[in-house]
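First the structure, in the form of C-alpha cells, and then the observations on it.
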C-alpha cells in the first residue's frame with residue numbers, strides 16, 4: 001500500500017515565532033488479504049500513505065468438482081419394444097432374401113443353399129449390431145456422470161485435491177506456489193511467488209499465511225514476523241524500500257500496540273500505535289534534535305507532553321492536534337519563563353518573569369502547575385516504555401527459520417513435480 005512521509009522543516013521551533021517540528025504525518029501499514037493463497041492477497045508492496053487502502057488477495061482457486069448426478073435406466077417397456085421391432089425387421093429381411101431365389105433364370109438347389117447361407121450371415125450380423133447398441137445404451141445410462149475436475153497443465157488435479165503432499169501449483173494469474181498441501185490447500189511450509197511483484201516464504205494453514213514467515217517485494221520492501229489468518233499479526237519487522245523501518249506489534253495487518261518507527265532521515269518514534277497511527281504515549285526524536293515526550297492522539301501531539309527544543313528552550317503543558325493549546329509553560333534557555341493559556345500555538349497576553357525570583361504568573365499558577373505536572377508524568381511514562389528488543393529478536397529468528405523450512409519444502413515440491421512429469425512421459 002502507499003505510504004507517504006513528510007520530513008520536518010529546517011526552521012527551528014521554540015524561537016520567538018514558536019513554530020513546532022513535525023517530521024511525518026499519519027501512516028498506515030496494512031496487508032490485504034490474502035485470501036491467499038491469498039494472494040491471497042496476499043497484498044502487495046506497501047509504502048507510506050495518508051489513506052488506508054483495501055488489500056488485493058485474490059485467492060487462487062483450487063480444484064473444483066461437480067457432484068454426481070443421479071443415474072437413470074431404460075424402463076422394461078422400452079426393452080420389449082426394441083425386441084419386437086428387431087423381430088419384425090428379421091421377418092422382412094428373410095422374405096426379401098428368399099425371394100432372390102426365384103430371380104435366377106434356372107434356379108437350382110445350389111442357388112437355394114447360397115441364398116440361405118447369405119440370409120443366415122446377414123441375420124447374425126444384424127443381431128450382433130442391435131445387441132451391442134442396446135448394451136452400450138444401457139451401460140451408459142447406468143454409469144454415473146464423470147466428475148468435472150479443473151486442472152492446470154497436463155497433471156490431473158483430482159489426485160492432488162484428494163491427497164496431501166508436496167508439489168508445484170501454477171495459477172491462472174501467473175502466481176506459483178511451491179510447497180506442502182493438505183486436502184488441496186496450501187498447508188505446512190511453502191513459497192508463494194507473486195507474478196512479477198514478490199514472494200512469501202513461511203508457514204501456511206488452510207490456504208493462508210499463519211505462523212512465521214518472510215515477505216519480500218520487488219522494490220525492496222521486506223517483512224519478517226508473525227501472521228494469523230493471512231494477515232500480519234503479532235510481532236514483526238517491516239523494512240520499507242525507502243529506508244524506513246517499523247519494528248513492533250501488529251494486529252490484523254496494521255501497526256497496533258507498542259512499536260518503533262525509524263525514518264531514513266534519522267528521526268524516530270518510540271511508543272504506542274493504534275490501527276496504523278501513533279496513538280497513546282510515545283516520544284519522538286526529530287531530525288533537528290528536538291524531542292517530544294507525551295500523549296498522542298490520531299497521529300498528532302494531543303493531550304499533555306513536554307517538548308524539548310534543540311536550542312535549549314522547553315515547553316511543558318497541554319497540546320491539541322499538534323499545537324500548543326491550553327495551559328502551559330514555556331522556559332527559555334536563559335531561565336526566563338512564560339506561562340498561561342495558549343491558543344493555536346501562541347500565548348495569550350504573554351508576560352515574562354525570571355524563574356529564579358519565583359514571582360507568580362499573571363494567570364492561575366496552580367492550574368498551570370497541574371498541567372506541567374501532567375505533561376511531565378506523560379513524558380516519564382513515554383520514556384519508561386521498553387523497546388522489547390529481546391522479543392523482536394526471537395520473532396525475527398523464528399521467521400527466518402520458517403522461511404528456510406519453506407525453501408526446503410519448495411525444493412521438495414519441485415522435485416516431486418519433476419518426478420511426476422517424468423512418469424507421465
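Mind running the shape call on the range 222-323? Use the C-alpha gyration tensor, a ≥ b ≥ c as the square roots of the eigenvalues: rounded below 1.5 for a/c, prolate if a/b tops b/c, oblate otherwise. Before the final figure, lay out each step's value.
Working: a/c = 3.31, a/b = 1.73, b/c = 1.91.
Cα axes put the range 222-323 in the oblate bin.
Cβ neighbours within 10 Å, averaged per peptide: list 275-286, 382-393, 225-236 in order, most packed at the top.
Details: 275-286: 22.1, 382-393: 14.0, 225-236: 23.9.
So the order, starting with the most tightly packed, is 225-236, 275-286, 382-393.
On a full-extension model of 0.36 nm per residue, what is the gain between residue 336 and residue 176, subtracting their alpha-carbon distance, rounded to one decimal in nm?
On the way: separation 160, 0.36 × 160 = 57.60 nm, distance 6.73 nm.
Result for the pair: 50.9 nm of gain on full extension.
Hey, with R₀ at 25 Å, roughly what FRET efficiency would residue 196 and residue 241 work out to, going by the Cβ-Cβ distance, to 0.05?
Working: r = 16 Å, r/R0 = 0.63.
Using R0 = 25 Å, I get an efficiency of 0.95.
What distance in nm separates the two pseudo spin-label positions at residue 287 and residue 377, each 7 Å out from Cα along the beta-carbon direction?
Each label point is offset 7 Å from its Cα along the Cβ direction, giving 3.6 nm.
Expected output is a single nm value to one decimal: the length gained when fully extending between residue 385 and residue 414, i.e. 0.36 nm times separation in residues minus the C-alpha distance. What is it? Don't skip to the answer; put the middle values down first.
Working: separation 29, 0.36 × 29 = 10.44 nm, distance 4.71 nm.
So the extension gain works out to 5.7 nm.
By counting other Cβ atoms within 10 Å of each Cβ, how are 241, 309 ranked from fewest to most? List each step's numbers first, then the result.
On the way: 241 14, 309 24.
Fewest-to-most ranking of 241, 309: 241, 309.
Kindly put 125, 189, 166 in sequence by how many other C-beta atoms sit within 10 Å of each C-beta, fewest to most.
Details: 125 10, 189 25, 166 20.
The most exposed by this proxy come first: 125, 166, 189.
Order the peptides 402-409, 293-300 from the highest to the lowest mean number of other Cβ atoms within 10 Å of their residues. Show your work: numbers first, answer last.
Details: 402-409: 19.5, 293-300: 21.9.
So the order, starting with the most tightly packed, is 293-300, 402-409.
Take peptides 207-217, 365-375 and line them up by average Cβ neighbours within 10 Å, highest first, as a rough protection proxy.
Numbers: 207-217: 24.0, 365-375: 17.1.
Ranked from most to least packed, the peptides come out as 207-217, 365-375.
Quick note: the coordinates plus some simple rules give every number you see, no bench work behind them. Here the structure is a predicted model, which means the values were calculated and not measured. Cβ atoms come from the backbone with ideal geometry, glycine included; neighbour counts cover every protein chain shown.
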